[in-house]
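The values are calculated or read from the model by the stated rules, or taken from the named source; none is laboratory data. Values in this document were obtained by computation on a predicted structure and should not be read as measured data. Remember, those area values only see protein heavy atoms, side chains included, never the ligands or the DNA or RNA. Shrake-Rupley method; radii C 1.70, N 1.55, O 1.52, S 1.80 Å.
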Amino acid sequence: MRCEKCNSEFAVSESFAKSMRYCPACSSALTPPIEEVQKDLKFLVASYIDKYGMDFVIDAIKSIKMKEGVTALQALADEYYLLR
């Protein structure tokens, strides 16, 4: 496991790496493994897929109007602020 902020590297088991949330060297928040992020995302959208279908969920995500240098959250906030 490697800390993106201080570049410290730690040799830990995979199961322990999944539970690590902060760097022991610099105390910054660690980025979770991509597999964990994917699993969390799937669980977050599962009920929407069940209710509206996979195509609807994918189309909703693709419809976010992204601009360079702007986060998705800010893009959504800007879009819905303009719709009021």
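Details
- Whole-percent carbon and sulfur share, accessible surface of the chain, 1.4 Å: 58
- Remark: accessible surface ordering of Asp50, Asp78 (largest first) is Asp50, Asp78, probe radius 1.4 Å.
- Divided by 2.2 N^0.38 Å, where N counts the residues, the Cα radius of gyration of the chain comes to 1.49.
- Applying 0.36 nm per residue to the separation of Phe43 and Glu4 and subtracting their alpha-carbon distance, the gain on full extension is 11.4 nm.
- Listed values for the stretch 24-37 are Karplus-derived 3J(HN,Hα) couplings in whole Hz (6.51 cos²θ - 1.76 cosθ + 1.60, θ = phi - 60°), namely x, 7, 10, 6, 7, 5, 8, 6, x, x, 4, 5, 5, 5, and x replaces Gly and Pro.
- Taking a straight Cα-Cα cut-off under 18 Å and skipping sequence neighbours fewer than 8 places away in the same chain, the aspartates and glutamates within cross-link reach of Lys42 are Asp50, Asp55, Asp59.
- Scalar couplings 3J(HN,Hα) for the stretch 41-54, obtained by applying the Karplus form with A = 6.51, B = -1.76, C = 1.60 to θ = phi - 60°, are 4, 4, 5, 5, 9, 4, 5, 5, 5, 4, 7, 10, x, 4 Hz; x denotes Gly and Pro.
- Measuring only protein heavy atoms, the 1.4 Å probe finds Glu9 accessible over about 120 Å².
- Length-normalised contact order for the chain - Cα pairs under 8 Å, 6+ apart - percent: 15
- Taking the helices alone, the chain has a mean residue ellipticity at 222 nm of -17000 deg cm²/dmol, built from -39,500 (n - 2.57) per DSSP H run of at least 4 residues and averaged over all its residues.
- Accessible surface, the chain, averaged per residue in Å² (probe 1.4 Å): 86
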